[in-house]
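To start, the structure itself, in structure tokens.
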Amino acid sequence: MTVEPDEDGVRWAREVAQRSENCAIRLIVFRAGGSGAARQSVINAFQALDVDGEGVERFGMVALDVPPTADLGKVQRLLSHGVAEEWWDMEEGCVTAQWRVASAT
């Protein structure tokens, strides 16, 4: 990634040098008001699928880092199940062609 400072010295990413094969998925956790325990239970559920996650307390949010080696179909089914059960809502931050193929099946 190329980074350049603006006139105030704030650094901005200008271009990507090499894309990752990982996908970034963001969840807003509804269960227990997005508490720390609720966020950790979400992270634990996805860790069982070889997906790492990080909680963001301020927003009751979990960011998932989905590697290409994970079973993308299982990850997507768990994501959809959680949305249907109103445990969380989700947003695909950055996804790969492999992720799109898995979601089409």
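The values are calculated or read from the model by the stated rules, or taken from the named source; none is laboratory data. As the structure is a computational prediction, the values presented were derived from the model and not from experiment. Note that each Cβ is placed from the backbone with ideal geometry, even for glycine, and that neighbours are counted across all protein chains shown. For the accessible areas, the whole protein counts, side chains as well, though only heavy atoms, and no ligand, DNA or RNA atoms are used. Shrake-Rupley method; radii C 1.70, N 1.55, O 1.52, S 1.80 Å.
Structure values in brief
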{"read-out": "Net charge dipole size for the chain [Lys, Arg +1 and Asp, Glu -1 on Cβ; Debye, nearest 20]", "value": "360"}
{"read-out": "Trypsin sites (Lys or Arg not before Pro) restricted to segment 5-36 and DSSP loop, no more than 11 other C-beta within 10 Å", "value": "19"}
{"read-out": "Neighbourhood charge, 10 Å Cβ-Cβ cut-off, centred on residue 26 and excluding it, Lys, Arg +1 and Asp, Glu -1", "value": "-3"}
{"read-out": "In order through segment 69-78: 3J(HN,Hα) via Karplus (6.51 cos²θ - 1.76 cosθ + 1.60), integer Hz, x for Gly, Pro", "value": "7, 6, 6, 4, x, 5, 4, 5, 5, 5"}
{"read-out": "Listed candidates (i) 17.2; (ii) 13.9; (iii) 14.9 - label of the one calculated as Kirkwood radius over Cα pairs in Å", "value": "(iii)"}
{"read-out": "Average accessible surface area per residue within segment 1-87, 1.4 Å rolling probe, Å²", "value": "66"}
